[in-house]
1. For ALA11, are the conditions met, namely being in a strand (DSSP E or B), touching a residue at least 60 places away in the same chain (Cβ under 8 Å) and small (Gly, Ala, Ser)?
2. If you take the residues in region 120-176 that are touching a Phe, Trp or Tyr at 6+ places or on another chain (Cβ under 9 Å) and of a type in the set (S, T, N, Q), which one is modelled with the lowest pLDDT?
3. Considering every residue within region 127-139, establish whether at least one is assigned to a strand (DSSP E or B), over 14 Å from ALA11 (Cβ atoms), of a type in the set (A, V, I, L, M, F, W, C) and over 23 Å from the mean Cα position of the chain (by Cα).
4. Answer yes or no: is there a residue in region 76-83 that is among the hydroxyl-bearing types (Ser, Thr, Tyr), crowded, with 16+ Cβ neighbours inside 10 Å and either out of contact with any helix residue (DSSP H, G or I) (no Cβ under 7 Å at 6 or more places or on another chain) or closer than 30 Å to GLU147 by Cα (or both).
5. Taking the stated definitions as given, is VAL123 within 30 Å of ILE7 (Cβ to Cβ), of a type outside the set (D, E, K, R) and in a strand (DSSP E or B)?
6. For residues that are surrounded by fewer than 13 Cβ atoms within 10 Å (Cβ to Cβ) and without any contact (Cβ under 8 Å) to a residue 40 or more places away in the chain, tally how many sit in region 32-48.
7. Cβ-Cβ under 9 Å, sequence separation 6+ or interchain: first residue in region 131-148 and among the hydrophobic types (A, V, I, L, M, F, W, C), partner surrounded by 15 or more Cβ atoms within 10 Å (Cβ to Cβ) and not in a strand (DSSP E or B). Which pairs?
Amino acid sequence: MASYKEIVTKAVIGKAKKISTNEYLLTPEQKPDTVLGCWVINHQFNGENSGGLVNLNGNFDVNVWYSYDNDTKTAVSTKTFTYADKMPIRLKDNTTLTNNEEIIVRSLKQPTVTNVSATDGIVRLNVEKELGVEVVGDTKIKVSIEEEEDEYEIITDEDFLSEKEEEAIDQIDEEYIK
């Protein structure tokens with residue numbers, strides 16, 4: 001009959017992902033006629049436990065390239081946007097989220113602008129992002145222990161000597177130092 005040991009280790013005990021699309025407003029210095037380009041950079045984020053939910057906090061910069069003055073001039077306007085999302089995560093084995101677990105947040109899809117328009121001097125942006133969260137905590141695993149342990153094989157230095165080395169050792173005069 002095999003015996004078992006329990007090992008306590010760190011493992012992923014819950015994971016989830018969240019896709020979100022949010023609308024943001026940007027007011028450039030000049031009244032834009034046409035949006036020529038738009039991109040998102042410098043995405044930073046983290047996650048923390050808040051009453052059994054994971055709070056996702058982050059920010060990113062949006063750069064909007066636009067034309068103005070009857071499409072005769074161009075400019076770039078930059079603004080930093082922040083966000084805060086809550087994410088419920090089901091943990092394995094019906095455990096609850098405590099402050100002992102580590103929360104790892106990854107950007108599965110970087111924020112990208114999916115729709116942009118300029119109306120009455122205001123640029124409206126739809127930004128889509130996908131964040132993944134893993135909760136790492138203590139868990140137990142059971143391993144089977146063998147009852148009979150394999151005996152060690154006895155190996156001596158002679159097992160590794162070549163024929164020349166063995167002949168040289170046989171020719172050593174043990175009485176030489178006397």
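1. Considered against the rule, which asks whether it is in a strand (DSSP E or B), touching a residue at least 60 places away in the same chain (Cβ under 8 Å) and small (Gly, Ala, Ser), ALA11 comes out as yes.
2. Restricting attention to region 120-176, the residues satisfying the condition of being touching a Phe, Trp or Tyr at 6+ places or on another chain (Cβ under 9 Å) are 123-127, 129, 131, 142-145.
Filter once more, so that each one left must be of a type in the set (S, T, N, Q): 126, 144.
Details: ASN126: 97, SER144: 86.
My answer is SER144.
3. Taking region 127-139 as the starting set, the residues that turn out to be assigned to a strand (DSSP E or B) are 127-139.
Now drop any that are not over 14 Å from ALA11 (Cβ atoms), which leaves 127-133.
Now restrict to residues that are of a type in the set (A, V, I, L, M, F, W, C): 127, 131, 133.
Now drop any that are not over 23 Å from the mean Cα position of the chain (by Cα), which leaves none.
No, there is no match, as no residue in region 127-139 is assigned to a strand (DSSP E or B), over 14 Å from ALA11 (Cβ atoms), of a type in the set (A, V, I, L, M, F, W, C) and over 23 Å from the mean Cα position of the chain (by Cα).
4. Applying the first criterion (among the hydroxyl-bearing types (Ser, Thr, Tyr)) to region 76-83 yields 77-78, 80, 82-83.
Filter once more, keeping what is crowded, with 16+ Cβ neighbours inside 10 Å: 77, 83.
So of that shortlist, the ones also either out of contact with any helix residue (DSSP H, G or I) (no Cβ under 7 Å at 6 or more places or on another chain) or closer than 30 Å to GLU147 by Cα (or both) come out as 77, 83.
The answer is yes; a qualifying residue exists.
5. Details: within 30 Å of ILE7 (Cβ to Cβ): no; of a type outside the set (D, E, K, R): yes; in a strand (DSSP E or B): yes.
No, not satisfied.
6. Going through region 32-48 one residue at a time, the tally reaches 4.
7. Every condition considered, the pairs that remain are VAL133/ILE89; VAL135/ILE89; VAL135/LEU91; VAL135/LEU97; VAL135/GLU101; VAL136/GLU101.
To keep it simple, each residue is scored yes or no on (1) assigned to a loop (DSSP other than H, G, I, E, B); (2) over 30 Å from VAL8 (Cα atoms); (3) over 23 Å from the mean Cα position of the chain (by Cα).
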residue	(1), (2), (3)
GLN30	yes, yes, yes
VAL54	no, no, no
ASP61	no, yes, no
MET87	no, no, no
LYS109	no, yes, no
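The values are calculated or read from the model by the stated rules, or taken from the named source; none is laboratory data. Note that the coordinates shown come from a computational prediction; the quantities given were computed from them, not determined experimentally. Reconstructed Cβ throughout: ideal geometry from the backbone, glycine too, with neighbour counts over all protein chains shown.
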